[in-house]
Amino acid sequence: MGLDAHSINSISATTRICAVYGHPVKHSASPTMHNAAMESLGLDWRYVAYDVLPENLREAIAGAAAMKFVGLNLTVPHKLLAMEIVNEFDDSARTWGAVNTVLFEGEIGGGEWKPMRDCNPEEVQAVRTRGFNTDADAITRSIQEDLGISLAGKTVLLLGAGGAGRTAALKLASDGVKQLHLVNRTMSKAEAVANEIRARFPNVAIKLGYPEGTVDLVVNGTSAGLKADDPLPFDTQLFSLKKAAAAYDMIYRPAQTRFLQEAERSGCKFANGLGMLLYQGAKALEIWSGKNPPIEIMRRALQQQIYGRS
Ligand code: ATR
């Protein structure tokens, strides 16, 4: 689903801009999702994607501020780097140590700062940036909405301890899982994440390695599965998805990874990571616009763009 010729022609001197910066970025589905949402909310806004090298991130953010953009999303490899660049931090960015959403704020005079959506660009005298993280909440919101699982008190096996795996582990712990089993190909990274959780969330029982008994949920937070010939993200000699009630794959392309095929064969309830993409985007749009995001329109736009069906 894209903008039709009429909407593109309606871009004018008052059209406002949001964007995603990444490298690479050309496969991003965020423009499709956000433009559908902006149109449905009746906003004269557009959302575009820019390939930005990490060494140019500071300049690219300053450029957007100078041009009075409304907001930005940041994706790989910019989320950690942005912590050094944005001026102000929302609690979410401080808690998760990464920024995926930037809100531009304008000063009209008198020291009062307002979100750019509420500013007349011609009156803005200074611009500052506020960083948010909408990724972490999106993980558990998707697990809740797509699998119907509330995590408090649950036993979870998490596969992966890279950037995505670490955030998922900390978020699961912050949502009150009772027991968290951590597995990663490189065990030392799982150990480092386990130590961080022990320090920040001492009520969560952390175990390294596969569980012996059953689990409520297995989460794939590794990148194994993005390519068709990738191995399964767990060792089938040491664990079976028959021991799990549900499986969640943070990967959404392809729609059903080998991990999720195995989950289906084992009788698990399962969901892919499309919901994470959707909910992080919905929250970002809410931050920029102050409006309720049209979730179902955004979901359909993503499904159409990524899977060719809605
Ligand atoms: P991301 O930002 O997607 O988390 P990352 O930080 O590079 O990317 O982390 C990739 C994760 O996928 C890591 O947990 C990695 O395991 P290692 O820490 O051992 O590298 C995991 N991963 C990647 N390919 C894998 C494979 N073929 N089998 C198992 N795990 C894999």
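Figures for the structure shown
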{"quantity": "Cut-off 14 Å (backbone N to label point 7 Å along Cα→Cβ of ASN292), residues of the range 79-120", "calculated": "none"}
{"quantity": "Hz values of 3J(HN,Hα) by residue in the range 138-154 - Karplus curve (6.51, -1.76, 1.60), Gly and Pro given as x", "calculated": "5, 4, 7, 5, 5, 4, 5, 6, 8, 10, x, 10, 9, 7, 4, x, 8"}
{"quantity": "Helix-only [θ]222 nm of the chain, DSSP H runs n ≥ 4, -39500 (n - 2.57) each, per residue, nearest 500", "calculated": "-10500 deg cm²/dmol"}
{"quantity": "Theoretical FRET efficiency, 1/(1+(r/R0)^6), r = Cβ-Cβ of GLU145 and THR14, R0 35 Å, to 0.05", "calculated": "0.45"}
{"quantity": "Full-extension gain in nm, THR214 to ILE108, via 0.36 nm per residue minus C-alpha separation", "calculated": "32.4 nm"}
{"quantity": "Net charge of Cβ neighbours under 9 Å - reference LEU274; Lys, Arg +1; Asp, Glu -1", "calculated": "+1"}
{"quantity": "Efficiency of FRET between ALA199 and GLN261 - r from beta-carbon atoms, R0 35 angstrom, step 0.05", "calculated": "0.40"}
{"quantity": "Above-threshold pairs, the threshold being 21 Å between Cα atoms, out of LYS243/LYS269; LYS26/LYS189; LYS79/LYS269", "calculated": "LYS26/LYS189; LYS79/LYS269"}
{"quantity": "Residues listed by number, the range 141-161, amide nitrogen under 20 Å from ARG300 label point at 7 Å toward C-beta", "calculated": "146"}
{"quantity": "Relative contact order of the range 137-272, defined on C-alpha pairs under 8 angstrom at six or more residues apart (%)", "calculated": "23"}
{"quantity": "Whole-number percent relative contact order across the range 67-213, with pairs defined as alpha carbons under 8 Å at least 6 apart", "calculated": "18"}
{"quantity": "Centre separation in Å (Cα based) which lies between the range 193-266 and the range 283-299", "calculated": "30"}
{"quantity": "Estimated FRET transfer efficiency (LYS178, ASP235; beta-carbon r; R0 30 Å; 0.05)", "calculated": "0.80"}
{"quantity": "Full-extension gain in nm, LEU41 to GLU84, via 0.36 nm per residue minus C-alpha separation", "calculated": "12.2 nm"}
{"quantity": "Amide N of the range 290-310 lying under 20 Å from the label point, which is placed 7 angstrom from the Cα of ALA228 along Cα→Cβ", "calculated": "306-309"}
{"quantity": "Residue of GLN256, GLN144, GLN237 that the Gaussian network model of the chain assigns the largest fluctuation, springs spanning Cα pairs under 10 Å", "calculated": "GLN237"}
{"quantity": "Top of ASN100, ASN120, ASN73 by mean-square fluctuation, Gaussian network on the chain, Cα under 10 Å", "calculated": "ASN120"}
{"quantity": "Eligible aspartates and glutamates near LYS114 by straight Cα distance, threshold 20 Å, same-chain separation 8 or greater", "calculated": "ASP44, GLU88, ASP90, ASP91, GLU105, GLU122, GLU123, GLU286"}
{"quantity": "Trypsin sites (Lys or Arg not before Pro) lying in DSSP loop within the range 1-101, provided at most 15 other Cβ fall within 10 Å", "calculated": "LYS26"}
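Any read-out appearing in this document is the output of simple, stated calculations on the displayed coordinates, not a laboratory observation. As the structure is a prediction and not an experimental result, all values here were calculated from the model. Note: ideal-geometry Cβ built from the backbone for every residue, glycine included; neighbour counts use all protein chains shown.
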